[in-house]
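For reference, the structure discussed in these notes is given below.
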Amino acid sequence: MKGIVFTEFLELVEDKFGIEYVDDIISKSNLESEGVYTAIGTYKFSEMVQLLSHLSEKTQLSINDLLYTYGLHFFSVLQNSYNGIIEQYKQPIDLLNAIENHIHVEVRKIYPDAELPTFDVSHKDASRITMLYTSSRGMYSFAKGLIESTFKHYGQEATIEITKLNDAGTEVKFEIQQHV
């Protein structure tokens, strides 16, 4: 998992809960990196799982709620890093439709070893898109936060229905209806 995901996560934890929480979740975890991350580094997903688990225990918020909040936050990171790509699209559904064939292609140019989820679009029209999210990490709540932030970026709202296709959440169907 790319280091920017870790550095931004710890920044969010500090902003929302304080530096003490960051120190606490790092010290309670058995991290190969010892909790020292660089944005361009690559780290094991198991480290993120530990950090999330300890934060969930400390805050009494579910891991999915924490991932959702993180997804809401992370859109601004993507916007700052990839604004040129985002601004090529005039509607949120068009941007979502471009995740696999444009956005992830560009991300892989910068981070060739990035392990990205897939978003296969099975239906798209002007106000609706259906996507199948697949990832061994099961971070569909993070994806939901990113999707909601995408609509907010365009000044739009949407209803997002999630259907978990397996218990682990590694395959999830997103049915998104833009409010007109």
Practice prompt. Hey, could you check the stretch 58-73 for residues that are hydroxyl-bearing (Ser, Thr, Tyr) and within 11 Å of the chain's Cα centre (by Cα) and say which is farthest from GLU14 (Cα to Cα)?
Written response: TYR68
Practice prompt. Those residues that are open to solvent by 20 Å² or more (accessible area, probe 1.4 Å), under 16 Å from the mean Cα position of the chain (by Cα) and of a type in the set (A, V, I, L, M), I need them from the stretch 74-100; list them, please.
Written response: LEU78, ILE99
Item to complete: Would you point out which residue out of ILE93, ILE176 is in contact (Cβ under 8 Å) with a residue 60 or more places away in the chain, part of a helix (DSSP H, G or I) and hydrophobic (A, V, I, L, M, F, W, C)?
Response: ILE93
Discussion item. Just to be sure before I move on: is SER53 in a helix (DSSP H, G or I), of a type in the set (Ser, Thr, Tyr), more than 19 Å from THR163 (Cα to Cα) and open to solvent by less than 70 Å² (accessible area, probe 1.4 Å) in the structure I sent?
Written reply: yes
Worksheet item: What number of residues in the stretch 138-172 are open to solvent by 70 Å² or more (accessible area, probe 1.4 Å) and either acidic (Asp, Glu) or within 21 Å of ILE103 (Cβ to Cβ) (or both)?
Response: 5
Response to the item:
Just one listed residue, out of VAL36, VAL22, VAL13, is open to solvent by 50 Å² or more (accessible area, probe 1.4 Å) and of a type outside the set (Phe, Trp, Tyr), and it is VAL36
Practice prompt. Give just the number: which of (1) within 28 Å of SER46 (Cα to Cα); (2) β-branched (Val, Ile, Thr); (3) at pLDDT 95 or above; (4) surrounded by 14 or more Cβ atoms within 10 Å (Cβ to Cβ) does ILE103 not satisfy?
Written response: (3)
Worksheet entry | Odd one out for GLU47, checked against (1) open to solvent by 40 Å² or more (accessible area, probe 1.4 Å); (2) touching a residue at least 24 places away in the same chain (Cβ under 8 Å); (3) in a helix (DSSP H, G or I) | (1)
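The values are calculated or read from the model by the stated rules, or taken from the named source; none is laboratory data. Everything quoted here is computed from the prediction, not taken from an experiment. Because the Cβ atoms are built from the backbone with ideal geometry, glycine has one as well, and the counts that use them run over all protein chains shown. Just so you know, the surface numbers come from the protein's heavy atoms only, side chains and all, with ligands and any DNA or RNA stripped out. Shrake-Rupley method; radii C 1.70, N 1.55, O 1.52, S 1.80 Å.
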